[in-house]
Structures are given as C-alpha cells and as structure tokens.
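Trainee: Questions regarding the structure given below will be posed in turn.
Nothing in this text is a laboratory measurement; each read-out follows from the coordinates by a stated rule. Computed from a prediction, not measured in an experiment: that's the story for all the values here. Glycine also receives a Cβ, built like all others from the backbone with ideal geometry; neighbour counts cover every protein chain displayed.
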DNA sequence: ATAATTAATGCACACGTTTGCATTAATGTT
DNA sequence: AACATTAATGCAAACGTGTGCATTAATTAT
C-alpha cells in the first residue's frame, strides 16, 4: 500500500501542502470552500498524517503512556489491574489518543521506562499505576514538562505537594471493613496484612487500628498478622493457627483472595462463617455469584477512577485548567453480603 | 529537564553529530576509541534519541501494536486475555520494543485502529488478538508492508494462505474434552456452545461432534445447545432444562464459567458431579483451588503462545527469516481434576 | 620523498510535517 | 481610478535524526 504524504495529497488537490496542512488542522486562515474540498479528498484517500513528522514538529505524539506493573498475583492483579487497564484504555481511545502500556522498568535491562518514554518523546503524558517511585524517576518526572497523574498512591516523602493524583482510599476502606465487623457484633477481630509489601496494606491496617480505637476496643495480644496475598496463604494461615480461632470472632482479610482461602480452611475445620467467625475481604473480585458464603467486601470504583485520571491528564496535555491540581482520594464502597452481616440497630 | 539532542551531545564531545549518530548505532566506520567515548558520554548524560526524528528517518518506531478487543465478559476475558496480554507485554519489552495496545476500532468514532496505526506509521508491526477481521482491515494489512501475526484465529475466507498465525487449537480441545467424558464412561453427552458468537466455539463444537462420531456414539436428539458464556447463563440453562438432566450423563460446557454455573445449579438440584453428570470446562481459569468439585478442563498455553508470536513478529520486523511462514496451531492440554474423572483401562 | 591506499571524521541533505512570513487576489475606501 | 485593507494561498525554514559523499589524516607502497 502506498501511503500518501501531505505533499502528494496537495498535488492531487492542486494546492500547496501548507494549505492542506492548515485545512486538516482547521486553521482560520483557510477558506471554508477549500477546507471542505481538502477534507473530502483526505476522506476519500483515507489519508492519515505521519505521526513521527507531526510529533517532531509539534512535540505532540497523540499517545499516552500507562506505567503498570506486571500482573504477578494471578488472580487479584488480573481482576483489579486488568479491569482498571481496560477502563483506562477505553478512556484514552475515546479521547483519540493511543496507549503505550509499559512496565515501570524494562524486565531485561532494568532501565526506567518512565525516563525512556519521556526522553525519547514517545508520549504526551503519563498515567502511573505503580506502588513505588524511585528517586531517579521522581527527578525525571519533576524536571520534565511531561504531565502525569498518579493512580495508585501518594508516594512517600514530600513528593505529593504538587502532583496530581486519584486513588482509592485504603485507610477509609480498612476503617469501613473493620466497622462492618464491629457492627456485626464482633469484638475479637484480627486482620491479615502484608507487611513488607505495598503501602496500600499499611493503610488498610491503619484503618483497622483506628476503627478499633474509635470503638473503644482494646485487645491485649497482637491482632495484625503478616500473611501474603493469595488463596493459599489465607488457607494455610488458618490451618496453622487453629488455636487462635477459638479466641476470635472476626477477620478483616485485607484481600478477597486471602478471605476466601481462610473461609475454605474454616469450612474444612467445621467453623461456620459468619456465625462463628465473620470475614470481610477487600477488592470485590468477580466471584460473588459462585463462592459461598458470598463475600462481604470493599469495592473500589475502577471505572470512575480511570475516568477522572484520564480526564485530568488530557486537560493538562491540552493545556486546559493546567493550574488546577486534582488530588482526589476515592471513597470505597462497602458491600455487605453473607460472610459478615451487620446486625440491626447498630448504626 | 532539558532534553539533549544528538547535536548538543556532539558539541560536548567535540565531534560532528553524524559521528555521534554512527557511534550510537555501532557503525564500523567509527574508531573504537571515539565510539567508547561517545557511549560513555551518552550514558553519563542519560542521553536518549528522539524517537520521532529517528522514526522519520529510519521508518522504525520501536513500538509494536497489539490489537485486542475489550474485556467484555468480565471474568473469562480478564483471565484469558489479561494473562495473554501480560505475556505479550513481557515479550515485547524484553526485546526492547514498546507496546501500543489498542482496540480494533476506536470506541467513539468506530474507525479502524489497524489502518490508523499503519498509516500514521506508529508501529513496526502488529499482533492481532481479534476474532474477526473486516475486509477493509484485511486489505490494509495485505497491501501494507507492516508485518503482522494473528494470535486468535485463522480468519475466514481465503485469507490464511500467506499469513503468519499462532493460535490454540479449539477443534482439538473440543475433541479432547469430549473424549475425556467418553473415557469417563459417559454416553449421553451434551455440549453448550455459543452459536452466533465467536468462531472458536464453532470449532469446539466440531471437535465435540467428531469425537462422538469417532467413538460411534449416535444420539437422536439435539445435543448442542446455544448458551451464552457466563456463570449466569450456565446456571439458568440447567434450571430451565431439568427434564433434560434425566437423559444425560455428561456436559462439555465449552467455557469454565458456563461449567461452574451449571455445576452450581446441579448442586442445588441435588445432582452429583461427576457421579450423576460429569462436566468438562474450557480455558482453565484460575479457580482450581477454591471451586469444588475441582474443574476438569482444557488449558491453553498462553505464555508459549505469546512467546512464539512475538518472536516471529520481531524476526519479520528485523528482516530475519522473513520468508519463512509461521503457521502454528497450538495443542491444548487436558487437565483432569474432579468434575470428570477418566476410568482406568479406557485408553 | 612522493604517490596511492585506507581509516576516520565532517558536511549537507532528506524524511514529512507545521508555521512565520511573503505574496497574490479580492474587496473596500477615498 | 488609485490606494489601503483584508483574505487566501504559497514559500521556505525548522524539528532531530541517519547516511551518501567529500574531505582530511594516517598508513602503506613505490
């Protein structure tokens, strides 16, 4: 297939290529008549501008970079990040951009993709769906002109002052989940966190602790346990801590996968959920219709999350409201189903 | 951040920019000494070439386009397409390319992204993870020089002659699944397909029919039912066809989601799986550890699928083995778990 | 010692756009 | 009718690379 250039299209139209360029970009300098003629011709020949040439001249690429980690925990990441990515792609394309989706670091060389995309001028802006940001990347982001929005966390340090972010409130979610257990009548509650991993779990734990404190619950022994986020670890935690089960009446699992792992183990041990021990998960993975008891959990509003972040980024790229910071922490939603049921009159 | 150009780097090095360019591209014209000096300087300044300028001159963008449909069925698509996408991204970055991941058509304008990416020269090659290809796209692909590999299907018509494809063998999977039921002793088997949707289900049905034929099983009544692919439809099919259940002893559900929906319904009706009715799914979604009975199903080799397709595409882009077609239909794997157990001595 | 060959580097153009400026055509003003 | 103004278009330069060709420096051959 022969791909037309703007000069060739101009020759066909009997015009100078600059007139064609201006027509395609809807310049007020061009008369409506020729503009229409050019547009019709472009349509007829399926003409598309060369993105590289365009990008070199205008410094705009028409593509947005999405930095997103690998899906490592098969199930949870696929569910959460996968559907978030889906929404992001939709919003990006809807606004006539393409999406370059990269890992934070090249898996082979370990080099930063953020730096690379910015310096090679391959993107107009960045959506960052990452847990951590090292100093070098932070420096690059800060010193470059490329706009970005963080979707996953307010990074540690003094970073967050001037950056745009939209992310779900894990503290609030942790608080709500714990309060749900409390309202269900539980008083001896533990939580399963993941200490050395992601900040979001620390926030969930903080919400857990504050809810207990606000309700005046004092527990002498340790009530937060370090359990990795997967079905298997949730399952084996229960199996390996049977004695503990006699002392508790509620579990905030911090992850749906851990929650259902724990529930399966308790089923095998003859412990009834929620009668003996109530369980609250987190994430709202898509198993509601077939996992029994149906999981009481926290839902994170992914579509809106994606929508707000994209909208802001594109505003920045196109220089509207460039001054106004978006710093939004999204309220999660408590979904009460079967594994923890709030008693009447506890509100 | 000030982004260096090659000319500025050349000035720092006290060289002409063409010498720097040749050094970075490891040209034999340049002495090892200056080459080393330039590389060191580039490293020191974190220098990266402008991708647009480079692309304009060389016609190479360093990005691969992945055309992938939206994740519409939440669970199954997220599982299957999500993990496939993950593997593709990994392979692409491993080879120092970036990935533009687009829908087949722009969700707003309906325009073809295949045509757009090719004509705007935004990609060096395309990986097509799509069910259908309309004539316009086919024409564009065929007439353009941009290499591509199909990962999802051998498209209908006379297309497939000269194109590269790697995809899982749905016919064989359907055959294997059916044979598994037969070996388990089932003789009155039905299958749940999705008629008006994707070709892959037609292939699974074809495998189903052929297996029955090869085993000499004759069934007078209709044995293939049109059931959409989701838990809910699997569930309601069983609930609405209770009379049918007395006449059958095996179900090839063609989708794990349909399979578990059907099994849940049968559980409620007091029908034992696999004792009364054995069930075989398809896809191997990641629920093995918590759905009971553990699902006997067909696994599709996603990592290898991604690896082979990427490898071939990059070979084509970089002009190695450009002549050799890759036309591979990947053998699926039968996973025998609990919902259908093969009896001894049936091999 | 000079010419011929080879190795290394510099010069200048091209890739396909956009855009400031110059030019031409059309219209309005005196 | 001559001039000033406005509208529409054309011309040419620039964006940052890569590369053919010319040039210079270094080496070898005579």
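Trainee: Defining the label point at 7 Å along Cα→Cβ, can you sort the distances from residue A:239 to the same site in each other copy, shortest first, in nm?
Mentor: In nanometres, ordered from closest: 3.4.
Trainee: Roughly what % antiparallel, to the nearest 5, for the DSSP beta bridges in chain A? Write out the running numbers ahead of the final one.
Mentor: Values: 4 of 34 bridges.
If we restrict to bridges inside chain A, about 10 percent are antiparallel.
Trainee: Can you tell me the relative contact order of the stretch A:106-246? Whole percent, Cα pairs under 8 Å, sequence separation 6 or more.
Mentor: It comes to 17 percent, rounded to a whole number.
Trainee: Could you tell me the relative contact order of chain A? Use alpha-carbon pairs under 8 Å, at least six residues apart, and round to a whole percent. Provide the component values of the computation, followed by the final result.
Mentor: Numbers: 598 pairs, mean separation 57.2, N = 347.
Dividing the mean separation by the residue count of chain A yields 16 percent.
Trainee: Using a 10 Å cut-off on Cβ to Cβ distances, tally the other chain neighbours for every residue of A:116-124 and report the average as a whole number.
Mentor: On the way: counts 6, 3, 3, 9, 11, 7, 11, 2, 0.
The per-residue average across the peptide is 6.
Trainee: Relative contact order of the stretch B:290-342: what whole-number percent is it, with Cα pairs under 8 angstrom and at least 6 residues apart? Each step should come with its number before you reach the end.
Mentor: Numbers: 42 pairs, mean separation 34.7, N = 53.
After rounding, I find 65 percent.
Trainee: Another question about this same structure. In degrees between 0 and 90, to the nearest 10, how far off the longest principal axis of chain B does helix B:74-94 point, with axes built from Cα atoms?
Mentor: 30 degrees
Trainee: If you don't mind, another one. Rank B:164, B:46, B:142 by mean-square fluctuation in a GNM of chain B with C-alpha springs under 10 angstrom and give only the top-ranked residue.
Mentor: Looking only at B:164, B:46, B:142, the biggest GNM fluctuation is shown by B:46.
Trainee: What whole number of Å gives the distance from the Cα centroid of the stretch A:21-38 to the Cα centroid of the stretch B:1-61?
Mentor: Answer, in whole Å: 39.
Trainee: While we're looking at this one, here's another question. Taking every DSSP beta bridge that has both residues in the protein assembly as shown, what percent is antiparallel when rounded to the nearest 5? Spell out each step's value before the answer.
Mentor: On the way: 9 of 69 bridges.
Percent antiparallel among DSSP bridges in the protein assembly as shown is about 15.
Trainee: Can you list the copy-to-copy distances for residue B:17, using a point 7 angstrom from Cα toward Cβ, in nanometres, shortest first?
Mentor: Values, ascending and in nm: 1.9.
Trainee: Once the label point is placed 7 Å from Cα along Cβ, list for residue B:322 the distances to the corresponding points in the other copies, in nm, shortest first.
Mentor: 4.3
Trainee: If you don't mind, another one. Would you list A:6, B:336 from fewest to most Cβ contacts within 10 Å?
Mentor: On the way: A:6 19, B:336 15.
Lowest to highest Cβ neighbour count: B:336, A:6.
Trainee: Now, a different point. Roughly what angle does helix A:32-44 make with the longest principal axis of chain A, taking Cα atoms, 0 to 90 degrees, to the nearest 10?
Mentor: On a 0 to 90 degree scale, this one is about 70.
Trainee: Here is a follow-up. Rounded, prolate or oblate: pick one for the protein assembly as shown, where a ≥ b ≥ c are the square roots of the eigenvalues of its C-alpha gyration tensor, a/c under 1.5 means rounded, and failing that, prolate if a/b is larger than b/c, else oblate.
Mentor: Numbers: a/c = 2.08, a/b = 1.31, b/c = 1.58.
Cα axes put the protein assembly as shown in the oblate bin.
Trainee: Then there's this: Per DSSP H run of n ≥ 4, the term is -39500 (n - 2.57); total these for the protein assembly as shown, divide by its residue number, and report the mean residue ellipticity at 222 nm rounded to 500 deg cm²/dmol. Provide the component values of the computation, followed by the final result.
Mentor: Numbers: 26 runs with 295 residues, N = 694.
One gets -13000 deg cm²/dmol as the mean residue ellipticity at 222 nm.
Trainee: Give the Rg/Rh ratio for the stretch B:66-116, taking Rg as the radius of gyration of the Cα atoms and Rh as the Kirkwood radius, to two decimals.
Mentor: Working: Rg = 12.3 Å, Rh = 12.0 Å.
Reported Rg/Rh (Cα atoms, Kirkwood Rh): 1.03.
Trainee: Still on this structure, I have one more. Under a GNM of chain B (C-alpha, springs under 10 Å), which listed residue has the highest mean-square fluctuation: B:53, B:211, B:322?
Mentor: Judging by the Gaussian network model, the answer is B:53.
Trainee: Could you line up A:229, A:144 from fewest to most neighbouring Cβ atoms inside 10 Å?
Mentor: In order of increasing Cβ crowding within 10 Å: A:144, A:229.
Trainee: How crowded by other chains is A:48-59, given as the mean number of beta carbons from other chains within 10 Å of each beta carbon?
Mentor: Mean shielding count: 6.
Trainee: Neighbour counts of other C-beta atoms within 10 Å: give me A:29, B:126 arranged from fewest to most. Could the numbers behind the result be given before it?
Mentor: Working: A:29 9, B:126 24.
Ranking A:29, B:126 by Cβ neighbours within 10 Å, fewest first, gives A:29, B:126.
Trainee: How do B:114-120, B:298-304 rank on mean C-beta neighbours within 10 Å, highest first? Please report the intermediate quantities before stating the final value.
Mentor: Working: B:114-120: 22.7, B:298-304: 18.4.
Top to bottom by mean Cβ count within 10 Å: B:114-120, B:298-304.
Trainee: Just checking the output field for A:287-298: average partner chain Cβ neighbours within 10 Å of each residue's Cβ?
Mentor: Values: counts 6, 1, 9, 13, 3, 3, 0, 0, 0, 0, 0, 0.
So the per-residue partner count for this stretch is 3.
Trainee: Helix B:256-269 versus the longest principal axis of chain B: what is the Cα-based angle in degrees, 0 to 90, to the nearest 10?
Mentor: Relative to chain B, helix B:256-269 is tipped by roughly 30 degrees.
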